[in-house]
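Worksheet for the structure shown next.
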Amino acid sequence: MEQLQFQKAIEEFQQLFISNSLRYYTEADIHVVFFRILEKELSSRNLLLFDGDKQSVLHREYPTFNRLLKEKGKKGLYVPQREINKNKNLRERLKKQRRGHFDIAIWDPDQSWMLNELRDKSSYQNPKKCYFKGANNNVVPYNPVKYAFELKFNRLGTELFRELYNDFYKLSLRNGRDNEEDILEGYLIYTIRKSPIETSKFTRESYQWSSHFLSDESYFLSKLRDISIGKNMNLYLKTNFTLDAQIKSSGTKKTKTESKNRALADEIVEKMQMVGEDSMVDNPQKRINIVVIVSTTVD
């Protein structure tokens, strides 16, 4: 499976979204349209055989290998793994948590010989309950996901900061027993519709899009773009607008809200750097792509 297929699918989706953003009303609309594009891009050779029957490698709402623990309080951020490892109370809390889900997951077609040995032991399709026969006929848990996608729609302000961190964290965690069965590549695709519909932040005249659009958001993304992790930070950020041109404040002195929002942005970028460093230790080959798409005209 080539990265070019994913890039082509994302570019096609981007053009659809920009040309008619009012086509989308909920996040589910985003999922369905992008899923159909991926189905079209993935060729018939990306189907696996299970006892002679064809099985698609493409799945929605696929469970993660890991349990996910959020901080207590309003922020609702996932707790970094290094903090969990050194805190017994957090480890105990983690055992009680549910697993997360990837919006879209793609199995690795090159591992079909291994997947043919899968036995699903759970009615909930829990990846921890999927096994193949290992050495000495021992059953070994296996997670076949190689590519995963998280999509969001109309997340603005501090909500964008939090959601992007949580999705980044979910994709950064080692998603199996070892690097060979970990996610090879993850994609965060965020769409923002430049329209007053379903955009509560800009419903009144005092909140004109032209003067407030993507100021704090651009500050956050520019900080994220500039972080440095080791010699190679396999994090790629792409937007269809110029970040630096969008960063502005209400005047020479920032308002209390602006200062608070940008302080939170700094905090979350620092957490993302920590998560990225841990991810590189676990699997230096993993790559995470962040794509932010904004409709360029008011519909």
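Ranking of S218, S21, S279 by neighbouring Cβ atoms within 10 Å, starting from the fewest: S218, S21, S279. Taking Cβ atoms as reference points and 9 Å as the exclusive limit, the residues near F102 contribute a net charge of -1, counting Lys and Arg as +1 and Asp and Glu as -1.
Summing charges over neighbours of P80, with a neighbour being any other residue whose Cβ is under 11 Å away from its Cβ, gives -2 when K and R count +1 and D and E count -1.
Ordering M280, M274 by the number of other Cβ atoms within 10 Å of each residue's own Cβ, fewest first, gives M274, M280.
Under 5 Å from the amide H of L69 lie the amide H atoms of V79, each residue being 5 or more positions distant or on a separate chain, with H modelled from the backbone and absent for Pro and chain starts.
Backbone amide hydrogens, once placed in the peptide plane, bring N289 within less than 5 Å of G186, Y187, L188, Y236, excluding anything fewer than 5 places away on its chain. For I192, the amide hydrogen comes within under 5 Å of the amide hydrogens of N154, I293, V294, S295, counting only partners 5 or more places away or on other chains and with H modelled in the peptide plane. Ranking of D108, D178 by neighbouring Cβ atoms within 10 Å, starting from the fewest: D178, D108. The phi-based Karplus calculation (6.51 cos²θ - 1.76 cosθ + 1.60; θ = phi - 60°) puts the 3J(HN,Hα) values of the range 214-223 at 6, 7, 5, 4, 5, 4, 4, 5, 5, 5 Hz, whole numbers, x for Gly and Pro. Checking the cross-link pairs K88/K152; K75/K256; K96/K152; K72/K146; K86/K152 against a 24 Å limit on the alpha carbon distance flags K88/K152; K96/K152; K72/K146; K86/K152 as lying beyond it. Using the Cβ of S279 as centre and a radius below 12 Å, the other residues enclosed give a net charge of +1, where K and R count +1 and D and E count -1.
Here, each number is a calculation from the coordinates, and none is a lab measurement. Worth saying up front: this structure is predicted, and the values here are computed from it rather than measured. Cβ sites come from the backbone with ideal geometry, for glycine too, and all protein chains shown count toward neighbours.
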